[in-house]
Each structure stands twice: as C-alpha cells, then as structure tokens.
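Chemist: Have a look at this one before I ask anything.
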Amino acid sequence: MKESRGTCYFLGHSHLDAAWLWPFSESREVFHETCKKILELMDKYPRFIYCQSSAQYYEWLEESYPEVFEKVKKRVEEGRWEIVGGTWVECDCNLPSGESLVRQFLYGKGYFKRKFGVDVKVAWMPDSFGYAWTLPQIMRKCGIKFFLTQKLNWNDTTIFPYYFFRWTAPDGSSVIAHQTVGKYSETVMEERIFQQMRMLKSRQGLKDLLVLFGVGDHGGGVTEDMIERALEFVEGKKEVKGRFSTAVEYFETLVRKTGGKIPEVYDELYLQYHRGTYTTQAMVKKANRRAECLLEVAEKFASIARGYGYEYPAMKLKEAWKKLLLNQFHDVLAGSSIPEVYKEAEKLFKQTFKTVCSIVLGSLRAIASKIDTSGEGRSILVFNPLSWSRTGVVQVSLDRLGGEKEVEIYDEHGRIVPSQLLEEEKAIIFVAEDVPSLGYREYKARMKNRERKTSMNLSVEEKERGIKLENEFFVVKIDKETGLVKSIFDKRYGREVLKDFGNRIQIYDDRPVSGRRTVTLQVDDATFDAWEVYIYQQPEGVRYVELDRPIEVAITEKGPVKVSVRVRHKFVQEGRPDSIFVQEITLYQKIPLIVFKLWIDWHAEHKLVKVAFPLNVHSDYTAYEVPYGFILRRNPLSPNATLAERAKYEVPGQKWVDHSDENGSYGVSLLNDCKYGFDTINDTVRMTLLRSARYPIELRANFGLPVEVGETKPLTDQGKHEVSYALYPHKSDFKEALTVRRAYEFNYPLIPIIEESHTGNLPKSHSFVSIQPENVILTVMKKAEDSDHLILRFYETAGKDVEAVIQIEGVLKDVVETDLMEKEVSKIPFKGGEIKVPISNHEIKTIKIEFEM
C-alpha cells in the first residue's frame, strides 16, 4: 500500500496591518475593499474558506459599511468565513502590560461573541515581534486553545526547532502552537508547497500542511488564480491531496493525529530579530505606559466612587481602552511605522488622557465630598491607587494651595510633617507615610506662623572634586569631573552597590548594516532601520562615546525632603544639532531609592543611547518583568550560554529589572517609568533610552504606494524626552525585597486632591480594599462587563502557592471565581467583608463580587 503524502489545508487570508506604511484611516477603507473582494470570490467559489482577525476591523466595517458587515456575518454563519485571533488588533506581545493583553482578548472576543455568536479559539499573531512567556496563561483563561505565528522563521541566530508544539507558561497553562512552515501570504505555488511539506515531515514527521494564501500587509487578500491553483489540489489533480479548511480544523486534525504527543516549549518565544522595536518611538511607548496606568487607576476609583453617588462611566472607559489597544498594534507600539501613523496615535492618546483624567478627578471628588475634612487649613487628601499601605512623595502646586509659599503640612493627628518648597516647579513636596491600600490619608496645609527647625535625615555636601548626597539608607557620591555616580554605599548592610562608576550615558553608532540575513529568509537587514539594533554589527566594531565631560554639576535641592544634584552634558555629532542631556540625581527622606530624572533634547542620527550601572553583585542571571510575571535570562556572554541565549543581547522588559547575587543575599533593581529595552552583561545592567533611526517611508514603494518626489527620510525620536528611573538596592532577592511593589509605586504615584473643610461620614484615613500576602498584587477593580457586579483581578508575583486574603467594604451577597472573560468558574466562600481564595504560583486570578443592595 502506497504511503500517503499528506494533505494540504488551504485557508484564504489577508494580513492587513492596522497601520504601518499607511495610517489607521486608510486601513479602514482597505479592509472594506478586501471584504467586498472576498465576498465576491465566495460567490464564485462555493468551497473557498477565508479567515480574518482583529475585532477593530469588523467594528470599522459595522460603523461605516453595515450592508457589507451583514454579508460577512452571513458567511460566518455558514462556516466559510472564519474569525480568528480574538484580540482587538494583532498587538505587540512584549510591550503591553499584562492587563492590556487581557483587554485585547476581553474586548476582541467579547465583540465577536456579541456580533457573530463566535467563541474564537485560535490566537492569531503571525507578525508580532516575539511573545511573552506568560501569554499561554492569558490565552487559556480567555478560552483560547490554539496559537499561530510565522514570525519565528525570522530568527537570525538559531532555527526555531518546531512547527507544532505545546507552549507552556510559568504557571503550567499551555496552548497548542503552530509556527507555520511558510508565510502568511502564500500564493499556492506547487513546488513551494512540496518543499514545505518535505520540511514539515523532516523536522517533525508531520504530513499535513497549512497553507495561508492571499496578498498580505495592505489587504487585498486572495486572488482568483490562487483559488484555481488550490482547487487543483482539492480536486485530486496533484500528487498531494488538498482541502479548503479552517484553522481550527487544521489544529484539531494535528492534535488528533499526534495524540497530543508533541514537543513542549517552556520559555518565552524570543524573536532573534527586530530588537530595536523595544526602543524606537520613545514617545508612543511612554504614552502607552501612562495610559495603561491611568486606565487601571480610573477603573479602581470609579468603582469605589459608585458607592458614593458617582455613576460608573463604563462606555467611556471601554472606548478609552479601545483607543489604547489600537495603538498597541505591533507596527505602531513597536515604532516601525511612518510619521503619519504617529500623528494619529498621538491624537488617540490625547483623547484617552482627557477622558481618563476626567474620570479619575470626578471619582476622587465624589469620594472626597464624603470625607470628614473639618479642621484648620486646606485638606490635602492623598489617595493610594495600589493594594497595600505605602509611603511616597507627594507634590502639590502652590496654585492649588492659593498661591501661598509660607505653608506647613500636618497629618490627621496634628503632627507637623517635613515639607519643602520647590522654587522652579512652584510646588511643595512632602512624604506621605503609610497611606492605606486603595484608600487615602488626610493632610492639612496651614499658614506657617513661625520658622521651625526641622530634623533632617538628609544632607548634601559639596567638595572640590565631588558632591555627596546622604539619607538614612544611602551615601551617594557624584564625581564633579565626569558627572558620573562614583559610589552608592548602602548604610543598612554596609555594602557598596557599584563596582565602577555608574549612571553612565553611552551613545553607540547604530547605522544600518547591509548583508546580514535571517537564518531562513532572504531579507536584507539594512531595510529594517527602525526595527533593528546595529550597535554590535558595525564594520569598525562596537563604537560608543560616554558622556563624562559635563558642562554643569550643581546642587539643586538641599532638603529637608529632597536633596539633588543636576548634571548637564552635551553630545556633539558632525552635521547635526547638538543634543543636550540634563540629569537630576535625588535622594528623598524615608524613600529607599536613588532616583534619576533625565531630560534629553535629542538630535542625533543613527545613534543609540544606553544608561549603564556596573553592579557589585554577581550572577549569571537577571530577572525582567514581563506581562503579569517575570522571566530569568542568562548573561549572553556567559561561558555557559547556549547559542540561543547569546542571541538575547537586547531583550524586552517592563517596569523593573533585577540583578541579585547568585546566593540571594543582596541585589539591585532598576525601576523605570517608560522604557522597554535592556541588556545585562557581566553584572552591568543597561537600559536603552533612545534611538535615531530613519522612518521606513521608502518601503511604501514595495506596495505600489506613492513616495513623494524629493521626500526626505526623517529621523525618529527627534526632540525632547523625559525619563525617570531609580535604583533599588536591597537585601535578599527581588521576591523577598518586593521589587514588584516598588516598581508599581514608581509608576502609580500617590494622588493629592485639595478639599475645603467640611463634615463627612468617611474618616480622615481609610482603606476601601486590601489584599494579602505581599506577593499578591491587585491590578484591576472594575465593573463587570455584563452586570453591575464588581470584578477584582490579582496575580502572584514570586512563584509561590498562597492563599489570597481580600478585605473589602460593603455587604457581600455572592463571590465567584471567573476566567479572564468573566465567565463563572466556581463559588468562593466569604465571611463578612473577608474573602479567602487560593492562588497558585504565577497565577492570574479573577473574582466577581455581588453586593447586597
């Protein structure tokens, strides 16, 4: 009996980028034209099956072309138009927060269920630039079983070993994954199909090939000649059998034929390419972080304010989320689009900020109106958006205090709190201690009636060769000749933090290099200026300059709350305007961080900027935050590093990075408010600050799109930038030191609200919600999508099985665990306002609470 050569599963597809070499507004029209074309082909070819992702596209179609939308809906009902993906757009999968990735599925799958009655099972990310290790858990808890990509074929160092595998997250959740053999835009060429079938059989012994055919990137989709060639396989005219199929059918067929016995990947899916996308377009990345944080804060306080007469703005919040999710499309957030795209993105972000800031203010005003603020002076109500009691710096503009400079700050017990006037900012700062979890604490601003001597744990001292900053935690020495941090001494543990000068600003040559190729694709690397990091591939070798000849080193603040030093540098590049770097290095009273604020006026060409800290700790591994979790990565120059580990010379991270001693005795975390690209080599942790690549305008010609005559290729990231980062030295490892909490505090500041004196039912200090133990963080508190119930979401941060204990106000009626789609899973017992629920290591947990009316 002749052995079967397998089957080709043909699925029509159009990979439409929501924005890239064209703006969002153009993609709306391109999707409409693509749909009309596909519908016509379906009329002509009754067996033809097509798939399309991205809820945003369907919503555009529904809004602008309802008659075409209804025709698509009919084909979906017939099973000939497969909805895949389940996300709002095909988003970046490294840079969005964990909650953003949840909302991609929550709003995407929710839309498809409401409009089409479809529960999407296939996550569709064929072109995103790598995939965070925590994604399988998010997918499974959103009802996703399968995952498809083709991007791992683009690796530049090692060949990804599998086409069909089980991808498992740190918590043990898994999805069945398919790395396609071919591209997402095949044209059904016989020899190419046979070659791919040979590759699939050779590598994994599989005979059934998925062929995604159709014009990609700028829509258009399938052509008649492609369908005709596929029909030759389907009608038995070729050596290999063929059938038109859905993605789900293909996945289920392979699962059945393999019996589920497939290789497992227990790791991130790191793309060995496009490493520059963690950094290019710094402004959109900063806006993304700010929007993510503000949306979570708005939902939390709007949920609390509901109990005090505030109407929860569900539709406004959802629309704001959808704007953010659209801007997380992989070519937008990654920084690889043309200038027009970023003009549209900026407009969307401005709309989001306006909406969300209004909701935050309205919610806090509603709560503040119920607080007892009686007593002398103006009340400063300091709100804490995080789920633990915390101490932090509060800054209030003098305008909000009536313009008075001579004020003092008192706590709710009438004790004076050290404060400091910031002349340049025209603001007053103080440290608010032990502000209750998801709650507030009242302070009073009163007219100063006499000069007081404030005891200080802060000092700043200038000598001929250096400046010394000191608080109760650290002694920081700044070298005046270089402007670098010479020493950070941890007074608590008698330990030097740095092994060499730190806070080094390094500016590398980063010019595109021709001739490099991916392992499996014939792609000229120089095409991808906005995508790639070239600093290690320069023909002359790695070349950089270090900013160590400052034009200013000066004390700017002397306490009692803040001491700081300003360092100013100039970077000169021939043929370009000078770039200016202004740093503020700060210690605060009662805050165990060394805080750095950096203002950059950037005008360089083909340069990449890093800030480096050589640390006095040793380990082969460094921990990086990823969406709703963390990952350990090895030093790529370690003698023990594999080739794949050596390829990770630039890696994605989020709010924190931690490098701790191998024995777990001591470590240092680097926190940030807007950066995503990092590397750690030989105990030196570096964060990538900026690039200056060319926009990919000339690539428009590849799609038959006009490129204006004489149009120059402008540089990305030119102009002014502001970055905040901090070092958090600590005893033990990052888990015991609660680095995750410190990073959240750095990104979610305390919020001051000024309130006049009045009576109220709420006390002067109060917590509405708290959660324990310390390795569990509450990230979401929102109204449920389909009811008035309350949703809480929290996750485990240290890899430990624990029992989460939640304290919440109100009379509880019912508590259930749900999945991330808010579908009920099981009942949870409660007693009074206390809820206890087990949470596994690395788990994301969601509960839904119903209150008595």
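Chemist: Can you list residues whose amide H is under 5 Å from residue 417's amide H, if they're 5+ apart or on another chain and H is modeled 1.01 Å from N?
Modeler: Counting only residues 5 or more places away or on other chains, the set is 409, 410, 411.
Chemist: Of all GluC sites (Glu not before Pro) in region 262-359, which ones are in loop regions per DSSP and have a Cβ with at most 15 other Cβ atoms within 10 Å?
Modeler: Filter output for region 262-359: 311.
Chemist: Something else about it: Note down the accessible area of residue 246, probe 1.4 Å, to the nearest 10 Å².
Modeler: The accessible area of residue 246 comes to roughly 30 Å².
Chemist: Could you tell me how many degrees, from 0 to 90 and to the nearest 10, lie between the Cα long axis of helix 190-204 and the main elongation axis, the longest principal axis, of the Cα atoms of the chain?
Modeler: 60
Chemist: What do you get for GluC sites (Glu not before Pro) in region 627-698 restricted to DSSP loop and a cutoff of at most 13 other Cβ within 10 Å of the site's Cβ?
Modeler: Here the sparse-neighbourhood loop sites are 662.
Chemist: Towards the positive end of the charge dipole of the chain, with charges on Cβ (+1 Lys, Arg; -1 Asp, Glu), say which of 579, 787, 94 has the farthest Cα.
Modeler: So the residue furthest toward the plus end is 787.
Chemist: Too long at a 22 Å Cα-Cα cut-off: which of 37/238; 486/610; 318/350?
Modeler: Those over the limit are 37/238.
Chemist: So, R0 is 30 Å and r is the distance between the beta-carbons of residue 546 and residue 266; what FRET efficiency does that work out to, to 0.05?
Modeler: About 0.15, to the nearest 0.05.
Chemist: Still on this model: Can you give me the Cα centroid spacing of region 15-69 and region 583-603 in angstrom?
Modeler: Between the Cα centres of region 15-69 and region 583-603 lies a distance of 48 Å.
Chemist: Please work out the average accessible area per residue across the chain, using the 1.4 Å probe convention, and give it in Å².
Modeler: 37
Chemist: So, one more: Considering the dipole of the chain built from charges on the beta carbon (Lys and Arg +1, Asp and Glu -1) around the Cα centre, which of 39, 6, 678 is farthest to its positive end?
Modeler: Highest projection toward the positive end goes to 6.
Chemist: Run the dipole for the chain about the Cα centre, Lys and Arg Cβ at +1, Asp and Glu Cβ at -1, nothing else charged, and hand back the magnitude in debye, nearest 20.
Modeler: Approximately 780 debye in magnitude.
Chemist: Calculate how steeply helix 339-368 sits against the longest principal axis of the alpha-carbon atoms of the chain, using the helix alpha-carbon long axis, and give the answer as 0 to 90 degrees to the nearest 10.
Modeler: 50
Chemist: Same structure, new question: Rounded, prolate or oblate for region 224-297? Axes are the square roots of the Cα gyration tensor eigenvalues, ordered a ≥ b ≥ c, and the cut-off for rounded is a/c under 1.5.
Modeler: The shape class here is prolate.
Chemist: Another question about this same structure. Apply the Kirkwood formula to region 235-359: the hydrodynamic radius equals the inverse of the mean of 1/r over all pairs of different alpha-carbon atoms; give it in Å with one decimal.
Modeler: 18.7 Å is the Kirkwood radius here.
Chemist: Another question, then. Could you work out how far helix 282-305 tilts from the main Cα principal axis of the chain, as a 0 to 90 degree angle to the nearest 10?
Modeler: The two axes meet at around 70 degrees.
Chemist: If you consider only alpha-carbon coordinates, what radius of gyration and Dmax does region 675-831 have, in Å?
Modeler: Just the Cα atoms of region 675-831 yield Rg and Dmax of 24.2, 72 Å.
Chemist: Here are some pairs, 151/713; 347/782; 800/836; 463/731; which of them have Cα atoms lying more than 21 Å apart in this structure?
Modeler: Those over the limit are 151/713; 347/782; 463/731.
Chemist: So what are the radius of gyration and Dmax for the Cα set of region 3-42, in Å?
Modeler: Cα-based Rg and Dmax for region 3-42 come out at 15.4, 52 Å.
Chemist: Among DSSP beta bridges lying fully in region 743-853, give the percent that are antiparallel, nearest 5.
Modeler: 100
Chemist: Which whole-Hz couplings ³J(HN,Hα) result when phi for each residue of region 151-157 is put into the Karplus expression 6.51 cos²θ - 1.76 cosθ + 1.60, θ = phi - 60°, listed in order with x for Gly and Pro?
Modeler: Along region 151-157, the couplings run 6, 5, 5, 8, 3, 9, 10 Hz.
Chemist: Quote the relative contact order of the chain in percent (integer), defining contacts as alpha-carbon pairs under 8 Å separated by 6+ residues.
Modeler: Dividing the mean separation by the residue count of the chain yields 13 percent.
Chemist: Under 1.5 on a/c is rounded, so check that first for region 544-670, then, if it is not, pick prolate when a/b is larger than b/c and oblate when it is not; a ≥ b ≥ c are the square roots of the alpha carbon gyration tensor eigenvalues.
Modeler: Since a/c reaches 1.5 but b/c is at least a/b, the shape of region 544-670 is classed as oblate.
Chemist: Kindly provide the helix-only [θ] at 222 nm of the chain, computed as the sum of -39,500 (n - 2.57) over DSSP H runs of four or more divided by all residues, to the nearest 500 deg cm²/dmol?
Modeler: Taking each H run of at least 4 residues, the total per residue is -7000 deg cm²/dmol.
Chemist: At a 1.4 Å probe, what is the % contribution of carbon and sulfur to the accessible area of region 317-434?
Modeler: 47
Chemist: Exactly which trypsin sites (Lys or Arg not before Pro) in region 242-342 are in a DSSP loop and have at most 11 other Cβ atoms within 10 Å?
Modeler: Of the trypsin sites (Lys or Arg not before Pro), the ones in loops of region 242-342 whose Cβ has at most 11 other Cβ atoms within 10 Å are 261.
Chemist: Which aspartates and glutamates have a Cα lying under 14 Å from the Cα of residue 285, excluding residues fewer than 8 positions away in the same chain?
Modeler: 92, 331, 346, 673, 717, 722
Chemist: Can you match mean projected area of the Cα convex hull in nm² to one of these, (i) 34.0; (ii) 47.0; (iii) 37.8, based on a calculation from the structure here?
Modeler: Entry (iii).
Chemist: Additional query: Please go through the residue pairs 300/735; 113/823; 109/141; 783/823; 558/590; 73/115 and name each one whose alpha carbons sit more than 18 Å apart in this structure.
Modeler: Cα-Cα > 18 Å for 300/735; rest within.
The values are calculated or read from the model by the stated rules, or taken from the named source; none is laboratory data. Please read these numbers as outputs of a predicted model, since none were measured by experiment. Glycine also receives a Cβ, built like all others from the backbone with ideal geometry; neighbour counts cover every protein chain displayed. Please note that ligands, DNA and RNA were not included when accessible areas were found on the heavy atoms of the full protein model with its side chains. Shrake-Rupley method; radii C 1.70, N 1.55, O 1.52, S 1.80 Å.
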